[in-house]
Amino acid sequence: MIYLELFLTFLMIGAFTFGGGYAMLPLMQEQVALRWGDAIPTETITNFIAVSESTPGPFAVNMATYIGAEMGGLFGAFCATLGVVLPSFVIILIVARCYDKFKESSVVKGCMTGLKPAVVGLIAGAIVSVAVGVFFPAGFSFEALKTVGFYLSAAIFAVMLVLALKKVHPIIIILISAVAGIAIGYAGLW
Amino acid sequence: MKNRYKDLWKVFATFFKIGAFTFGGGYAMIPLIQKEAVEKNGWVTDDDILEIIAIAESTPGPIAINSATFVGYRTCGVLGSAAATLGVVLPSFILIYAISFVLRQFQELKAVQYAFQGIRAGVLALLCKALWGMYKKNKKNWASYTVMAGAFLLTAVLDVSVLPVIIGCAVFGLVTAKLMERKVQK
């Protein structure tokens, strides 16, 4: 039952993702590879990060809608999105009623001192998977280090990192990388 | 009763607008929520916004959903929460559903494949920048570095599943926080 699997998988992702933005990437990357890896390879998720950066809306909702639509059409998209939204919705309703107790809770504070750095380590891990796909599209090998494509990817990455740290808008960065990718492709260098 | 429906509609419409015009999501949404919910409609105060950020940081789920649910609740109770959350989600849902068709149509094109090959290198840079920002916000002490390194090694090198690592790190944080508390008390 793909609909139930989509709902439950994204329910779990929504319930165990602390912090905004890319905090959900590690768990999502892993679960998608595990369950729907044949239909949605890691590269597709990386591509979709670019789509999500260039469209409005939270990353989590965009991602759930996209993967749900790929695996189960409109109803699949609905199930996945409902799943990712439901845990925060319910938890905030509870917290909104007893905010003061929640704020003073030493258990919540204690868990957060572990969760905040954990997210950094986990995202670093997810980035390694993305990096392998970028630099070694055919899988890691020392042979690949001798290809032109490897150095061109490294060059795009380095230039875009400098632009990103200089606070250039993500959409501009995505546009420049796309143009570079097309130019390199038609020059026959990938 | 009629006023109640009007309020609900207004909450829905406001969050629909916020959802439709925030690129990147998450914290990018906070200034817009502040403008719409505090300045324009007076649903919540500036202090509430700070509260929302604090809550969103220590509860699971996307910040956009957390803050929509919270502001909605303050305005019209549970129904308000539902209206705000539906409003903030709907624009992405519609747009991304449409985009998934377009992507499927064009993904076979050579130019699109070349473009995405370049884009993935750019996305890697964006992710590294986001990681750097998150790293800087963390406390710089041994416990924090241990958890970072541990979570990375366990998932990326030793191939442990992400979920048990998340739970383990929460427990580790709880235990070390309690131990430090006891030390201070002594």
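Each value in this text was obtained by applying a stated rule to the coordinates, not by laboratory testing. All figures in this text were calculated on a predicted structure; none of them were measured in a lab. Note: ideal-geometry Cβ built from the backbone for every residue, glycine included; neighbour counts use all protein chains shown.
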Margin query: Looking at the range B:154-174 only, could you name the residues that are assigned to a helix (DSSP H, G or I) and among the hydroxyl-bearing types (Ser, Thr, Tyr)?
Written below: B:Thr155
Check: If only one of A:Glu30, A:Glu43, A:Glu53 is acidic (Asp, Glu), out of contact with any strand residue (DSSP E or B) (no Cβ under 9 Å at 6 or more places or on another chain) and under 23 Å from B:Val102 (Cα atoms), which one is it?
Finding: A:Glu43
Checklist line | Residue check for A:Cys98: out of contact with any helix residue (DSSP H, G or I) (no Cβ under 8 Å at 6 or more places or on another chain) and either more than 7 Å from every other protein chain (Cβ to nearest Cβ) or farther than 30 Å from A:Asn47 by Cβ (or both) | finding: yes
Next item on the list: Within the range A:113-130, identify whether any single residue is more than 7 Å from chain B (Cβ to nearest Cβ) and surrounded by 13 or more Cβ atoms within 10 Å (Cβ to Cβ), and answer yes or no.
Entry: yes
Next item on the list: Filter the range B:154-164 down to residues that are farther than 14 Å from A:Ile127 by Cβ and of a type in the set (A, V, I, L, M, F, W, C) and give me whichever is surrounded by the most Cβ atoms within 10 Å (Cβ to Cβ).
Entry: B:Leu154
Check: Here are some residues: A:Val107, A:Val90. Which one is part of a helix (DSSP H, G or I), over 28 Å from B:Leu127 (Cα atoms) and within 7 Å of chain B (Cβ to nearest Cβ)?
Finding: A:Val107
Next item on the list: Output the residue which, of all residues in the range A:31-48 that are within 8 Å of chain B (Cβ to nearest Cβ) and either touching a residue at least 24 places away in the same chain (Cβ under 8 Å) or surrounded by fewer than 17 Cβ atoms within 10 Å (Cβ to Cβ) (or both), is nearest to A:Ile173 (Cα to Cα).
Entry: A:Thr46
Checklist line | Which numbered condition B:Ile94 fails, given (1) of a type outside the set (Gly, Ala, Ser); (2) under 14 Å from A:Thr55 (Cβ atoms); (3) in contact (Cβ under 8 Å) with a residue 60 or more places away in the chain | finding: (3)
Next item on the list: Take the residues in the range A:1-30 that are at the interface with chain B (Cβ under 10 Å from one of its Cβ atoms) and among the hydroxyl-bearing types (Ser, Thr, Tyr), then tell me which one is surrounded by the most Cβ atoms within 10 Å (Cβ to Cβ).
Entry: A:Thr17
Next item on the list: Would you point out which residue out of A:Ile171, A:Ile176, A:Ile94 is loosely packed, with under 13 Cβ neighbours inside 10 Å and not charged (D, E, K, R)?
Entry: A:Ile94
Check: Hey, does the range B:37-46 have a residue that's buried (at least 17 other Cβ atoms within 10 Å of the Cβ) and outside any helix (DSSP H, G or I)?
Finding: yes
Next item on the list: Examine the range A:134-156 for a residue that is in contact with a Gly (Cβ under 9 Å, 6 or more places away or on another chain), of a type in the set (A, V, I, L, M, F, W, C), at the interface with chain B (Cβ under 8 Å from one of its Cβ atoms) and more than 30 Å from A:Phe16 (Cβ to Cβ), and state whether such a residue exists.
Entry: yes
